[in-house]
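Enquirer: Please read through the structure below; I'll follow up with questions.
The values are calculated or read from the model by the stated rules, or taken from the named source; none is laboratory data. This is a predicted model, so every value here is computed, not measured. So basically every Cβ, Gly included, is an ideal-geometry build from the backbone, and we count neighbours across all protein chains shown. Only protein heavy atoms, including side chains, enter the accessible area calculation; ligands, DNA and RNA are left aside. Shrake-Rupley method; radii C 1.70, N 1.55, O 1.52, S 1.80 Å.
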Amino acid sequence: MSRRVVVTGLGALTPLGHTAADTWEAAIAGRSGVGPITRFDVGELRTTFGAEIKGLDPSAHFGPKEARRLDPCVQYALIAAREAMADAAFAPSSERARRTAVVIGSGIGGINTLMEQVDVLNTRGPARISPFFIPMILPETGASLVAIEFGLQGPNLAVTSACATGANAIGEAAEMIRRGVVDAAV
């Protein structure tokens, strides 16, 4: 059975804005999210510009302790999922939760945490590595924490397909709905 698939809620955290509405407004206005790289030293690099998410205070979304435990890629997934769930006014019942998938795309997972913890290992030794190191770097952590936060019990996937990751994640979620595997997906 093939079913129609519709988008009922949007969430976005991008270099253009911290919400779907802000991102859309900036895109329509022709603004660029590209600028000088500020998150690390670019002194030896040939490229000094990129598309960073600027001005985000993770502790405002998670509290300071939890923000330290979540890699930025997981923070981004949770913030965007929260906005999409609110925009869709989606509050799953227990039956609905079992038929709702979570499909989050991440090109590589928690690369910031990986780089930081390698530095910790090299400068301070293995005993100083964070006990949250592994869950912070896995590409599926974003999808898992979204499912946990909203009590969603359907299929849970992490899509990692480089630059096509976002489109691939949307396509996988739509395909699950179209085939009747689930009724909804985040």
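Enquirer: Binning at 10 angstrom from zero up to the longest distance, how are the C-alpha pair distances of region 34-124 distributed in percent?
Expert: It works out to 12, 33, 35, 13, 6, 0, in whole percents.
Enquirer: Roughly to the nearest percent, how much of the accessible area of the chain is carbon and sulfur, given a 1.4 Å probe? Display every interim value, and only then the final one.
Expert: On the way: 6440 of 11060 Å².
The nonpolar share, carbon plus sulfur, comes to 58 percent.
Enquirer: Working from Cα positions, state the angle (0 to 90°, nearest 10) between the long axis of helix 111-124 and the longest principal axis of the chain.
Expert: 30
Enquirer: Tell me, what is the FRET efficiency for K54 and T123 to the nearest 0.05, using R0 = 22 angstrom and their Cβ-Cβ distance as r?
Expert: E between K54 and T123, to the nearest 0.05, is 0.20.
Enquirer: If you project the alpha carbons of the chain onto the principal axes, what extent comes out on each, in Å, largest first?
Expert: 55, 45, 30
Enquirer: For the chain, what does the helix formula give at 222 nm: sum of -39500 (n - 2.57) over DSSP H segments with n ≥ 4, over the residue count, nearest 500 deg cm²/dmol?
Expert: About -13000 deg cm²/dmol.
Enquirer: Right, next: Rounded, prolate or oblate: which fits region 96-152, taking a ≥ b ≥ c as square roots of the Cα gyration tensor eigenvalues, rounded meaning a/c under 1.5, else prolate when a/b beats b/c?
Expert: Values: a/c = 5.96, a/b = 2.62, b/c = 2.28.
Since a/c reaches 1.5 and a/b is larger than b/c, the shape of region 96-152 is classed as prolate.
Enquirer: Between R39 and R4, what is 0.36 nm times their sequence separation minus the Cα-Cα distance? Round to one decimal in nm.
Expert: In short, 8.4 nm is gained.
Enquirer: Give the peptides 152-161, 177-186, 127-136 in descending order of average Cβ contacts within 10 Å, highest first.
Expert: 152-161, 177-186, 127-136
Enquirer: In percent, how large is the relative contact order of region 1-157, given Cα pairs closer than 8 Å and 6 or more residues apart?
Expert: Relative CO of region 1-157 lands at 24 percent.
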